[in-house]
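Visitor: Take a look at this one; I'll ask things after.
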Amino acid sequence: MVIKGLVIIAAVVLDQVQQRMHRRFALQMRGRLGGDMAKPFRGAVIGCGFFARNHLHAWREIPEAEIVAVCDIDAGRAEAMRADFAVPRAYADADMLFAQEQLDFVDIVTTMASHRSLVELAARHGVPTIVQKPLAPSWEDCLAIVRAAEAAGVPLMVHENFRFQAPMRAIRDVLASGRLGPLHFGRISFRSGHDVYANQPYLAREERFIILDLGIHLLDLARVFLGEVVNLDCVTQRVNAAIAGEDVATTLMRHASGATSLVDMSYATRQAREPFPETFVRLEGRDGTVELGDDYRLTSVTGGRVEETSVAPPLRPWAARPWHALQDSVYHAERHFIDALAAGRMPETSGADNLKTYALVLAAYESAARGAPVAPRGR
Ligand code: NAD
Ligand code: 89V
């Protein structure tokens, strides 16, 4: 009891210290910009591969941000991205980028193996950072990343975009209205036969695949909707013999609130309609149920009243189906980062928050290996 109390006090104090650091950053930033908040934040994108294109399109839609440089160890990719998006400068070396540019933020869109060294570099230069998921290949690297940003007092956001999707934000609105009452059950499901390896060939070589790459988003949603997790059971399968990791996983979680949830995912599902990248959600509360079904239809049942609405994401001018739901969420994640930076607020998906989601990923792999329930670790 006493230890639990001390842990809660320590978490509150840490949170307050971080909020103060972020406010200090907002003020410093204002100083660096000559007190003129009308000037955009100067940013750089590191990593010019498949997904970075969406980041660059979305940054263009945010007037408070201006991408002044791109960087990739593949100089050809960096130059191609520079030219396509009319970015002033391209670099093939992140050290050079930080040495030569005056940056207000950096957006890291490389794969996870390079995240630690790049975030540590940004922290050494005191540059606020948004970094793609998964945070890193190991818990030790994740902790080192979060600690580096905290020690430098720089804001760190993980680009955990599923909770910024239009349908997920609509579900959060329903929950915030209190109409469902306390939740006792949730199901979050993503089952697809989409050839995800075509755009992201590295995924086929990962020994830990679907939970770490995709499940991380779904486990994060479970935390957002139903709160923190006490323990979980997970079973994994590899259906596609041509890949290294698991492509199907089924998870049962017990939440601190007493609710249970099922999180299931597959890239080995052949079905009549290919829904990629739709995520299906069902949340049951004492007073009602909300369900996100096919084609982004949201149905809520409360007090005997049934309401059905479309929560389809907009097709942004640069987006293409079926990726548009994720592309729209990239815009909202970046928007959130810039708003948090300007206000000196902690981003919702801070490094510290994302450790809790990453702990669920590790617990899922451990449970699958041991065939037993596992409690997620703390920092
Ligand atoms: P990619 O392999 O296509 O691109 C990564 C790029 O980073 C490559 O061009 C590579 O040369 C470059 N790079 C690697 N190390 C570097 C370093 N030290 N400095 C500079 N450049 C470096 O990968 P991708 O498919 O674009 O994925 C990038 C990240 O985005 C991954 O973490 C992935 O999980 C994530 N992602 C997220 C979503 C989402 O919806 N959130 C979707 C797709 C991918
Ligand atoms: O979100 C991601 O990281 C992607 C995808 C949704 C395609 O799995 O890899």
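Visitor: Being in contact with a Leu (Cβ under 8 Å, 6 or more places away or on another chain), within 25 Å of residue 291 (Cβ to Cβ) and assigned to a loop (DSSP other than H, G, I, E, B): is that true of residue 180 here?
Guide: Spelling it out, residue 180 is indeed in contact with a Leu (Cβ under 8 Å, 6 or more places away or on another chain), within 25 Å of residue 291 (Cβ to Cβ) and assigned to a loop (DSSP other than H, G, I, E, B).
Visitor: Scanning for something more than 16 Å from ligand 2 (Cβ to nearest atom), under 22 Å from the mean Cα position of the chain (by Cα) and in a helix (DSSP H, G or I), does the range 225-240 turn up at least one residue?
Guide: Yes, the range 225-240 has at least one match.
Visitor: While we're here: Name the pairs: first residue in the range 46-61 and within 22 Å of residue 114 (Cα to Cα), second residue open to solvent by 40 Å² or more (accessible area, probe 1.4 Å), Cβ to Cβ under 7 Å, at least 6 apart or on different chains?
Guide: Every condition considered, the pairs that remain are 48/77; 49/77; 50/199.
Visitor: Of all residues in the range 134-156, which are among the small types (Gly, Ala, Ser), open to solvent by 10 Å² or more (accessible area, probe 1.4 Å) and in contact (Cβ under 8 Å) with a residue 24 or more places away in the chain?
Guide: 144, 148, 151, 152
Visitor: Just name the residue that is surrounded by the fewest Cβ atoms within 10 Å (Cβ to Cβ) out of those in the range 176-195 that are closer than 23 Å to residue 360 by Cα and within 10 Å of ligand 2 (Cβ to nearest atom).
Guide: 192
Visitor: Let me ask something else. Could you give every pair whose Cβ atoms fall below 6 Å, whose first residue belongs to the range 90-117 and is assigned to a strand (DSSP E or B) and open to solvent by 20 Å² or more (accessible area, probe 1.4 Å), and whose second residue is more than 16 Å from ligand 2 (Cβ to nearest atom) and at pLDDT 95 or above, counting only separations of at least 6 or pairs across chains?
Guide: 90/70; 90/78; 90/79; 90/82; 91/71; 91/97
Visitor: Can you work out which of the residues in the range 120-133 that are open to solvent by less than 10 Å² (accessible area, probe 1.4 Å) and within 30 Å of residue 316 (Cα to Cα) is farthest from ligand 2 (Cβ to nearest atom)?
Guide: Going through the qualifying residues, I end up with 127.
Visitor: Looking at residue 75 and the list (1) within 16 Å of ligand 2 (Cβ to nearest atom); (2) open to solvent by 10 Å² or more (accessible area, probe 1.4 Å), which single condition is not satisfied?
Guide: The single condition residue 75 does not satisfy is (1).
Visitor: What number goes with the only condition from (1) within 11 Å of ligand 2 (Cβ to nearest atom); (2) over 18 Å from residue 168 (Cβ atoms) that residue 205 does not pass?
Guide: The single condition residue 205 does not satisfy is (1).
Visitor: I'm trying to understand the selection: among the residues of the range 196-221, which are open to solvent by 50 Å² or more (accessible area, probe 1.4 Å) and in a helix (DSSP H, G or I)?
Guide: 201, 202, 205
Visitor: Do we have any residue at all in the range 241-254 that's open to solvent by 50 Å² or more (accessible area, probe 1.4 Å), of a type in the set (Ser, Thr, Tyr) and touching a Leu at 6+ places or on another chain (Cβ under 9 Å)?
Guide: yes
Visitor: Answer with yes or no whether residue 204 is under 28 Å from residue 109 (Cβ atoms), in contact (Cβ under 8 Å) with a residue 12 or more places away in the chain and hydrophobic (A, V, I, L, M, F, W, C).
Guide: yes
Visitor: Which residues, taken from the range 341-363, are of a type outside the set (Val, Ile, Thr), in contact with an Asp or Glu (Cβ under 9 Å, 6 or more places away or on another chain) and closer than 19 Å to residue 226 by Cα?
Guide: Of everything in the range 341-363, those that are of a type outside the set (Val, Ile, Thr), in contact with an Asp or Glu (Cβ under 9 Å, 6 or more places away or on another chain) and closer than 19 Å to residue 226 by Cα turn out to be 348, 352, 353, 354, 356, 360.
The values are calculated or read from the model by the stated rules, or taken from the named source; none is laboratory data. The structure displayed is predicted, hence computed values, not measured ones. A quick note on method: Cβ atoms are made from the backbone with ideal geometry, for glycine too, and the neighbour counts reach across all protein chains shown. In case anyone asks, the SASA skips ligands and DNA or RNA and just uses the protein heavy atoms, side chains included. Shrake-Rupley method; radii C 1.70, N 1.55, O 1.52, S 1.80 Å.
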